[in-house]
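Worksheet: the structure to be examined is printed underneath.
Read-outs: derived from the displayed coordinates by stated rules, not from any lab. Worth saying up front: this structure is predicted, and the values here are computed from it rather than measured. Counting neighbours? That spans all protein chains shown, and the Cβs are built from the backbone with ideal geometry, glycine included.
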Amino acid sequence: MSELFIELLSEEIPYWLQKNIVEQLEKKITDLIIENDLSSSKKIDINYNFTHLRIVFSCNNLVKEQKSFVKEIKGPPVNAPDNAITGFLKKIGISKNDLEKRKINNQYYYFAKHKVIGEKTEIIIKNNLEKIITDINLQKSMRWTHESFKWARPINNIFFYFDDKFVPLDFLEKYSINNDSFSCSHKKLDKEIKFKNFSDYKKKLNSNKVVIEQINRENIIKKSIQDFCKIKKTILKRDHNALISLNAGLTEYPDVLFGKIKNDYMKLPQEILEVVMINDQNFIPLFLEKNKLSPYFVIISDFIEKKYQKEVTEDNEKVLEARFEDAAFYWKNDLKVRFDSRKKLLNDIQFHQKLGSIKDRVDRMEQFALNLEKSFSFKINSNNLIQAVQLSKLDLTTGLVREFPELQGIIGGYIAEFEKKDKSISLSVREQYMPKGPSDACPKNNLSIILSLSDKLDTLLGFFLVDETPTSSKDPYALRRSALGILRIIIENNLKIELESFFNKELIEKYNLDNTDNFQIKSLISFLMDRFKFFLKSITRKQDVVNALFSKEIYSSDFLKLYKKFLALNDFVNEGQGKKIIELNKRALNIVIIEGKKLDIKNFVNKDLLKEKDEKILVELLDELKNKIEQEDDDFKGVLKKISDLHAPLNNFFDNVMVNVNDNQIKINRLSILKKVIDTLKIYADFSKIQK
């Protein structure tokens, strides 16, 4: 077996681009190996590693040389013009006598057999590397020396080794990229690294402060943090593992340092401190119990000699203190301006060109909130409800939120608390944007629920009214996230609401838009339905159950009811009786499909043709089941219990009733019974889509 080894050295590639580039390169190299039959085994074992400065590929199960093979090439039709046939012969390099004629769809074509002489693997890869590298699809790219070639960041060097032998890449010269046969150490050591093979390459890089494996760099960081946390009795949040990955992607040899926040700054709201540390510096905050911020934080640096580590830690603490000082300045000044005097400022902040100012949005949210309170029959102080809505967006006028937009709602909650507002109001203002993502918690307090739903429903309806809906690739107003948040709040708080009737004419008129008469609310409900399916698939491993429930177009805006229906079905198919029904349904379906190709199976059962006891019992039970499903209300377990009762009669039908009889009328009628079984079950779900 032969070994491929490629290294690409570049300027610093942003973390968010690294894996995308590597995965594209891996796919292109894999496709090249498959297309040219270059692997010595069925499994193509390509290993890739990356840092922000280098991308490394290796594959050790390649053949030395491609096998020769005969390639069959389809040519022009036999009756094609002479010049077309001559061109084909010239391209292949054979005479007309060597062509074969073959008939395809009543038309004869020429075919040629062309022997392809196998090339050396290193030549095939070398000849395709230019296209592989230049065809990478980049979200953002830049030019450097070469006028037309763009890449994520300037490429400094590419080398290619095959069977431990350096293979020159002539095409690099035209892109002003070096083709040195050696690698380089960590940039702070600035050494050339020469090696014998890939194993030697990794060993020498490690000893020169380069860890090429992303996962190993992450583990180095995690281990250091865990050791520190044991000593200081602090906690690393699971949510912050992404910060570890980010920092690992920005270093080649991570050194983990620990800073400390001065007591003066610990008096600030902890969310302010977190945002400054994470968003400004990529520092990782550590916590005490009950989610209380500790004074300690993690600094990830790229190879710092021990004698400089204390100095680097102190320098980072000073940088952080300067940002904390800015935040403290904004916080102090924001508290001086009372909420009541901020209300008039909302008129000056535009929400959207077609949807008006933030003040217009707050007015709409007030109507949403009042309607939601009635729909849910919540017992909420009406003054608190109106006040919560009116205060909800006032923190957009603060210096802190202008500087740190991530603190929207949180700062409003703190200021409401500072101004001695009711605790439920302060909490609802803080929680109005929850959930922010799929792993974020949903609000549980009634006032928080109403404020959060009002915010998201106004956003969703407004942008649909002005036709600013998401496309397959873009969602600039995060409407998918809003939709998912609405669904989660409804489901997790067991809220029954028909959203189609909730989006009434009164609400739509609040937007003061022209031409809303033609607006189809069904398009918005369909969008929510798509997000609902996505949500269900994210919470279950059995996506076939989701597909079964939505096999036909279901139009409903009571998502709590649909969720309970899904849960009941999911439990049912995991039970013994459910699996038996799935099996019998598939047996019936197979018979109907096969016989349906030969006979016209009716959509109704002629009860006058029922002769056997077991077929009469089955038809009677199917009629009862159909009525039960269609009048299900919320008794999904009762419906599924009725479906499971179908097992014995259906089994008896298969055992005791002959379908394939000589009387054609009776045969078709019995096939219609089986079709009725399938169609009746389909009213609830298409059981044929569920895997046992």
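Remarks
- Cα→Cβ-extended label distance, 7 Å offset, between LYS423 and ARG238, nm: 2.8 nm
- Within-11-Å neighbourhood charge of ASN381 [Cβ basis; K, R +1; D, E -1]: -1
- A Förster distance of 56 Å, applied to the separation of the beta-carbon atoms of LYS120 and ASN83, puts the FRET efficiency at 0.90.
- Listed by number, the DSSP H helices of the chain that run 24 Å or longer by alpha-carbon position along their axis and have mean Kyte hydropathy of at least 0.0 are 446-465, 521-539, 576-596, 664-684.
- Across segment 568-692, the volume of the C-alpha convex hull divided among the residues equals 96 Å³ per residue.
- Full-extension gain in nm, PHE111 to LYS306, via 0.36 nm per residue minus C-alpha separation: 63.0 nm
- Most to least packed among 255-263, 194-202 [average Cβ atoms within 10 Å]: 255-263, 194-202
- Converting phi to 3J(HN,Hα) with the Karplus coefficients 6.51, -1.76 and 1.60 and the offset θ = phi - 60°, segment 63-76 yields 7, 6, 9, 5, 6, 6, 8, 9, 9, 8, 10, 7, x, x Hz in sequence order, with x at every glycine or proline.
- Counting neighbouring beta carbons within 10 Å and listing from fewest to most, the residues MET365, MET529, MET142 come out as MET142, MET529, MET365.
- Distribution of pairwise C-alpha distances over segment 349-539, 10 Å bins, in %: 9, 37, 39, 15, 1
- Taking each DSSP H run with n ≥ 4 as -39500 (n - 2.57) and averaging over every residue of the chain yields -15500 deg cm²/dmol at 222 nm.
- Computed over the chain: relative contact order in percent, which uses C-alpha pairs under 8 Å that are six or more apart: 7 percent
- Listed by chain and number, the lysines placed with their C-alpha closer than 23 angstrom to that of LYS343 are LYS332, LYS354, LYS359, LYS393, LYS420, LYS421, LYS423, LYS456, LYS510; residues fewer than eight positions away on the same chain are left out.
- Computed from the Cα positions only, the extents of segment 462-504 along the three principal axes stand at 32, 23, 13 Å, in decreasing order.
- Size descriptors for segment 69-116: radius of gyration and Dmax over Cα atoms are 10.4, 30 Å.
- When each of the peptides 503-514, 464-475 is scored by how many other beta carbons lie within 10 Å of its residues on average, the order from highest to lowest is 503-514, 464-475.
- Debye equation applied to the C-alpha atoms of segment 404-452, log10 I(q)/I(0) at 0.31 Å⁻¹: -1.13
- Table column - 3J(HN,Hα) (Hz), segment 167-179, Karplus curve with 6.51, -1.76, 1.60, x for Gly and Pro: 10, x, 10, 5, 5, 5, 4, 6, 9, 6, 10, 5, 10
- Over all pairs of different C-alpha atoms, segment 481-568 has a mean inverse distance whose reciprocal, the Kirkwood radius, equals 14.2 Å.
- Using every pair of distinct Cα positions in segment 120-249, the Kirkwood expression returns a hydrodynamic radius of 17.9 angstrom.
- Among the listed values (i) 51, 50, 25; (ii) 62, 42, 20; (iii) 82, 40, 28, the one matching semi-axes √(5λ) of the Cα gyration tensor in Å as calculated from this structure is (i).
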